[in-house]
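The values are calculated or read from the model by the stated rules, or taken from the named source; none is laboratory data. Values in this document were obtained by computation on a predicted structure and should not be read as measured data. Cβ placement follows ideal geometry from the backbone for every residue including glycine, while neighbour counts extend to all protein chains displayed. Surface areas here come from the heavy atoms of the whole protein model, side chains and all, with no ligands, DNA or RNA. Shrake-Rupley method; radii C 1.70, N 1.55, O 1.52, S 1.80 Å.
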Amino acid sequence: LKDRYTGKHVENTVHYAAEIAKRLGSSKEDVELVKQAAVLHDLGKIGISDKILLKKSKLTAAEFEKIKKHPQIGADILRPIRFLSGIIPVIFYHHERWDGKGYPGGLKGEDIPIGARIIAIADVYQALISNRPYRRAYSKAQAKKIVCEASGTQFDPRIVSAFLKVLEAEK
């Protein structure tokens, strides 16, 4: 509703997240949970102003604090829908970092739900290879390099490895 970029971004994020989950040997049920969470991971952005979402320049600290609320907004929207309760932690924690410097909870390592760790990589890669209001798309090679450099800090190294295998299989 707010940004036509989001539809294609979600489709591709779902694809990469599902392929990573399969590569990690996840059950069919867990792959489906990751897919559902990937579809809805940015639902909370509905509660963020278009002025911020579509801004063409760097966000101010105050604007970034507002953006950081979208996982909570998404979780709050989904909470009354009982059959989606399993994806709420994945959506809520998809901006956590392996090194504990993410948000909203500052979770670290294995404390972050695996689905959230999977979606984090799929989401970032897809964002990197897409044009955004504030920058041009990176090449797939540049995006892959950025993801690799963030292994062990932003991303779970085991999931980065699985993601690289997904990319290699798609060549």
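Exactly one condition in (1) touching a Phe, Trp or Tyr at 6+ places or on another chain (Cβ under 8 Å); (2) at pLDDT below 95; (3) in a helix (DSSP H, G or I) is false for Lys58; which is it?
Every condition holds for Lys58 apart from (3).
Which one of the conditions (1) closer than 20 Å to Phe64 by Cβ; (2) under 15 Å from the mean Cα position of the chain (by Cα) does Ile121 fail to meet, given that it meets all the rest?
(1)
Would you say Ile46 is open to solvent by 40 Å² or more (accessible area, probe 1.4 Å), part of a helix (DSSP H, G or I) and either modelled with pLDDT under 95 or among the small types (Gly, Ala, Ser) (or both)?
yes
Run down Glu63, Glu32 and say which single residue is at pLDDT 95 or above, farther than 15 Å from Gly115 by Cα and assigned to a helix (DSSP H, G or I).
Glu63
Open to solvent by 20 Å² or more (accessible area, probe 1.4 Å), modelled with pLDDT of 95 or more, assigned to a helix (DSSP H, G or I) and of a type in the set (A, V, I, L, M): which single residue out of Ile91, Ile73, Ile119 fits that description?
Being open to solvent by 20 Å² or more (accessible area, probe 1.4 Å), modelled with pLDDT of 95 or more, assigned to a helix (DSSP H, G or I) and of a type in the set (A, V, I, L, M) holds for just one of Ile91, Ile73, Ile119, which is Ile73.
Starting from segment 112-141, keep only residues that are under 13 Å from Leu167 (Cβ atoms), then list their pairs with residues that are small (Gly, Ala, Ser) whose Cβ atoms are within a distance under 7 Å, requiring at least 6 positions of separation or different chains.
Taking only residues 6 or more apart or on different chains, the pairs are Ala122/Ala17; Ala122/Ala38; Tyr125/Ala143; Leu128/Ala143; Ile129/Ala137; Ile129/Ala143.
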